[in-house]
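Presented below is the structure to which this report refers.
The values are calculated or read from the model by the stated rules, or taken from the named source; none is laboratory data. As the structure is a prediction and not an experimental result, all values here were calculated from the model. Virtual Cβ from ideal backbone geometry, glycine too; neighbours counted across all protein chains shown. For the accessible areas, the whole protein counts, side chains as well, though only heavy atoms, and no ligand, DNA or RNA atoms are used. Shrake-Rupley method; radii C 1.70, N 1.55, O 1.52, S 1.80 Å.
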2 protein chains.
Amino acid sequence: MASFVRTIPEGDDRERLTCADCGFVAYENPKIVVGSVVAVDGQVMLCRRAIEPRRGFWTLPAGYMEMAETVEEGARREAWEEARARIALEGVLAVYSIARIGQVQVIFRAGLAEPGFEAGPESLEVRLFDWAEIPWGEIAFPSVHWALRRWRESLGAPLGAPATNPPEDARGTSPMEGSAL
Amino acid sequence: MASFVRTIPEGDDRERLTCADCGFVAYENPKIVVGSVVAVDGQVMLCRRAIEPRRGFWTLPAGYMEMAETVEEGARREAWEEARARIALEGVLAVYSIARIGQVQVIFRAGLAEPGFEAGPESLEVRLFDWAEIPWGEIAFPSVHWALRRWRESLGAPLGAPATNPPEDARGTSPMEGSAL
């Protein structure tokens, strides 16, 4: 492991982690988690984690967003990786901040685009639950509770207008888009 | 500058940028921009950029989210830094992905929490514009166009239910929250 020191890089206004050996500035940015509450005939899909942390506990199909994908593509990828499900996104259900660990979660409401699902390599089991059956005591993370409650509330009201990229640049690949605001 | 090579770290499934000198894995994650369409009596606030890229062009008060803050705190911080404005957030207006550059933008609809604003160090000028006055030819980035149009559309309809952390853990600091989903 390299030895990192905290120092203020030239032109910056706060300390950043910098490698004392090579000078690399490891900007620590919040990481984005993308995921979905996937519902089928009123039941919600949960995945029992095959990996730490919280192995054996239930979670949503969700995970870290990768470079060069959109939030929508990331949410669909995670549903495939964890639940072998092809999902159709309905809209943004919630945006959660986990400030303590520098994480932002963008959670969609979704359904299945094609029938069928099964455990991917990071899941022990994937199941649909009636609301009354959800194993609240075995949920992996508080934000899964939040998203499930929010999903339940959202059923009685519209999610609001679609709030993602306009169709003419759905992937944000316009060469005009700047690298910083 | 260190010499970085692309290699698949142990336990990972894709190539990551790794420092050949010190072994540091520079995970490249999408970066989060937080910003707001701030309206005052039906006029929208724009900031004329004092910095590159797009110096002299108009943008929203927005910028990179920092660690240990929530999306809401980041949006309020940016409005203060760029427009010396204390803003009150009304809800998430849009979530945009700029896949080409690995960026996700969380844009809020907001008003002023206190009267007054002025150019911060990264702005040449901060102004309120009537819709008909907006200098469309001098807007810094396509996503500013998107957000302004979305703001305009949102005025006729609710933004949808609030979709951020629940009040009991507004900053995501519960020690139970896991570090990965």
Q: Extending each Cα 7 Å along its Cβ direction at B:Ala113 and A:Ala68, get the distance between those two points in nm, one decimal.
A: 4.0 nm
Q | Other protein chain Cβ atoms within 10 Å, averaged over every residue that makes up A:66-75 | A | 5
Q | Prolate/oblate/rounded label for segment A:79-155 (Cα gyration tensor, a/c 1.5) | A | rounded
Q. Counting partner chain Cβ atoms within 10 Å of every residue's Cβ in B:26-35, what's the average?
A. 6
Q) Amide H to amide H, which residues 5 or more places from A:Gln105 or on other chains are under 5 Å from it, using H placed in the peptide plane? A) A:Val33, A:Tyr96, A:Ser97, A:Ile98
Q) Given the protein assembly as shown, what percent of its DSSP beta bridges are antiparallel, to the nearest 5? A) 75 percent
Q) Taking chain B as a Gaussian network, where each spring joins two C-alpha atoms under 10 Å apart, which residue of B:Leu155, B:Leu128, B:Leu60 fluctuates the most? A) B:Leu155
**Q.** Computed accessible area, A:Trp136, all protein chains, 1.4 angstrom probe, square angstrom
**A.** 90 Å²
Q) Ignoring ligands and nucleic acids, what accessible area does A:His145 show with a 1.4 Å probe (Å², nearest 10)? A) 50 Å²
Q. A:Leu124 to A:Asp41: FRET efficiency via 1/(1 + (r/R0)^6), r the Cβ-Cβ distance, R0 22 Å, to the nearest 0.05?
A. 0.40
Q: List the relative contact order of chain B as a percent without decimals, with contacts defined as Cα pairs under 8 Å and 6+ residues apart.
A: 22 percent
Q.
How many Å² of accessible surface get buried when A and B come together, counting both sides, probe radius 1.4 Å, rounded to the nearest 100?
A. 6300 Å²
Q: Take every DSSP beta bridge whose two residues both sit in segment B:31-169, then give the antiparallel share in percent to the nearest 5.
A: 70 percent
Q) To the nearest 500 deg cm²/dmol, what mean residue ellipticity at 222 nm is calculated for chain A from DSSP H runs of n ≥ 4 alone, each contributing -39,500 (n - 2.57), summed and divided by the residues? A) -4500 deg cm²/dmol
Q | Rounded, prolate or oblate (a/c below 1.5 giving rounded, otherwise prolate when a/b exceeds b/c) for segment B:31-169 by Cα gyration tensor | A | rounded
Q. Taking the simple approach of a point 7 Å from Cα along Cα-to-Cβ for both A:Ile101 and A:Leu17, what is their distance in nm?
A. 1.5 nm
Q) Not counting the cut sites, what is the longest span of chain A without GluC sites (Glu not before Pro) that DSSP labels loop and that have at most 13 other Cβ atoms within 10 Å? A) A:29-117
